[in-house]
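Read the structure below first, then the notes.
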Amino acid sequence: MFQRLRVGVIFGGKSGEHEVSLVSAKSVMQIMDPRRYEVIPIGITKTGLWVGGKNVWESLTERKVKNLARVFLNADPQKKGVWYLGGKSQKFQPLDVVFPVLHGPFGEDGTVQGALETAGIPYVGCSVEASSLAMDKFASKMMFAAYGLAQTDFLHFTRGEVEQNFSSIQKEVTKKLGFPCFVKPSNMGSSVGISKVKKTSELKAALQLAAQFDASIVIEKGVDAREIEFAVLGNEKPICSVPGEVVPSREFYDFYAKYIDNSSGLFIPAKISATKMKEGQELAVKAYRALQCSGMARVDFLLERRTQKFYLNEINTIPGFTSISMYPKLFAASGIPYSKLIDRLIQLALERHNDRQKNQMSFASGSEWYKK
């Protein structure tokens, strides 16, 4: 008899993208084939508490988690799973694989991935290292630069530098980037804390806003460009989707335009030439490999209107995952429907975990070399 895979779906989290995660997770859990998977929902509250139970998604949505069991990862790689502790009772729940549907810090940045690595549980998506690099806009920009990937001009400052040397920062931004420019917290997603600055007088407020979300701040030169995105899937042999284009309902694709007003345009496939599409796909895979991504990522570009040049904007390692989100829609348009995409992501997670286990065994057996 076929045994269903026990899939822990983790959602919520401490970041400002908590509600976005809930929407993505519900869509993922609903599309999973119940004949193949036993879905184990695991929620993380805004304070970082791990909770579980039959109605955990609804409870987290309504912020009523008082009576839910507390969930703890079992710190034994030989016994993969979680413990449910509630009152005087406790229960062990085995897990075959985890699907983290977490956006932003404390979930997409390698923190949860590291905990799962320690517990020996396979998980969907990028490794600890790739997740951390992709979340940090400054660190990823430095990696992209090392790989020769074109980016718009940018500057980096810390919160302390902004507080102490705003006048000199203002002069440097004006001289090296000009206006408009974009001010971003380095470690946030979903355009949280981002401002488009059109003139010098707006810069200070934009920097102060970004500093509320992170101590590391990136400022990018603005270009007149189209927003073109590609979805990438795979481990050592990644494949790339057709391109999609975002046409924001506002001046840029900020949090409001993404999740609230629902009037931004998503065009799949994007109307670009076959030659340009191939170029973008090759650049997307190159960027994916630059950060050593695995499983999945969405790679976002700016396509400058005047020069038709691609500028790499960022990589998102856990993109939005509703049925109408860009990542699943791009692969649906490329011949991989949503349900099959979920299947493939879980398969990739298990493959990477097994490969990592083999490497660790090889290291253990080879570690005796020094005694010879």
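The values are calculated or read from the model by the stated rules, or taken from the named source; none is laboratory data. Computed from a prediction, not measured in an experiment: that's the story for all the values here. Please note: Cβ atoms are built from the backbone with ideal geometry, for glycine as well, and neighbour counts cover all protein chains shown. Areas reflect the complete protein model, heavy atoms only, side chains present, ligands, DNA and RNA absent. Shrake-Rupley method; radii C 1.70, N 1.55, O 1.52, S 1.80 Å.
Computed from phi, the 3J(HN,Hα) profile of the stretch 101-112 under the Karplus parametrisation 6.51, -1.76, 1.60 (θ = phi - 60°) reads 10, 10, 10, x, x, 6, x, 9, 9, x, 5, 5 Hz, with x in place of Gly and Pro. Applying 1/(1 + (r/R0)^6) with r as the Cβ-Cβ distance of Phe267 and Glu129 and R0 = 41 angstrom yields a FRET efficiency of 0.75.
Derived scalar couplings between HN and Hα for the stretch 8-16 equal x, 9, 9, 8, x, x, 8, 7, x Hz in order, rounded to whole Hz, by the Karplus curve 6.51 cos²θ - 1.76 cosθ + 1.60 (θ = phi - 60°), x for Gly and Pro.
Computed over protein heavy atoms with a 1.4 Å probe, the carbon and sulfur contribution to the accessible area of the chain reaches 52%. Phi angles across the stretch 22-34 convert, under the Karplus curve 6.51 cos²θ - 1.76 cosθ + 1.60 with θ = phi - 60°, into 3J(HN,Hα) values of 4, 5, 4, 5, 4, 5, 4, 5, 6, 7, 5, 5, x Hz, Gly and Pro given as x.
Comparing Arg70, Arg306, Arg289 in a Gaussian network model of the chain where C-alpha atoms under 10 Å apart are linked, the largest mean-square fluctuation is found at Arg306. Think of a 1.4 Å ball rolled over the protein heavy atoms: the chain then has 48 Å² of accessible area per residue. Excluding same-chain neighbours fewer than eight residues apart, the lysines reachable from Lys329 by a Cα-Cα span under 16 Å are Lys258, Lys271, Lys340. Packing here is the average count of other Cβ atoms within 10 Å per residue, and on that basis the peptides 230-236, 316-322, 180-186, 143-149, highest first, run 316-322, 180-186, 230-236, 143-149. Between Tyr147 and Lys66, the C-beta separation translates, for a Förster distance of 56 Å, into a calculated FRET efficiency of about 0.70.
If you run the Gaussian network model on the chain, springs between alpha carbon atoms under 10 Å, then out of Ser140, Ser168, Ser15 the most flexible one is Ser168. Under the classification rounded if a/c is under 1.5, otherwise prolate if a/b is larger than b/c and oblate if not, where does the stretch 1-102 fall, given a ≥ b ≥ c as square roots of the Cα gyration tensor eigenvalues? Verdict is oblate for the stretch 1-102. Here's how it looks for Val242: its modeled amide H is under 5 Å from those of Ser334, which are all 5 or more places away or on a different chain. One entry in (i) 26, 54, 20, 0; (ii) 28, 55, 17, 0; (iii) 29, 58, 13, 0 is P(r) over Cα pairs in 20 Å bins from 0, in percent calculated from the shown coordinates; its label is (ii). Amide H contacts under 5 Å for Ser294: Cys126, Ser127, restricted to partners 5 or more places along the chain or on a different chain, H placed in the peptide plane at 1.01 Å from N. Note on the stretch 111-236: percent of Cα-Cα distances in each 10 Å bin, starting at 0 and stopping at the bin with the largest distance, equals 12, 37, 31, 15, 5, 0. Mean separation of Cα pairs under 8 Å and 6 or more residues apart, divided by the residue count, gives the chain a relative contact order of 16 percent. Percent relative contact order of the stretch 70-228, based on C-alpha pairs within less than 8 angstrom and at least six residues apart? Averaging sequence separation for qualifying contacts and normalising by length gives 19 percent for the stretch 70-228.
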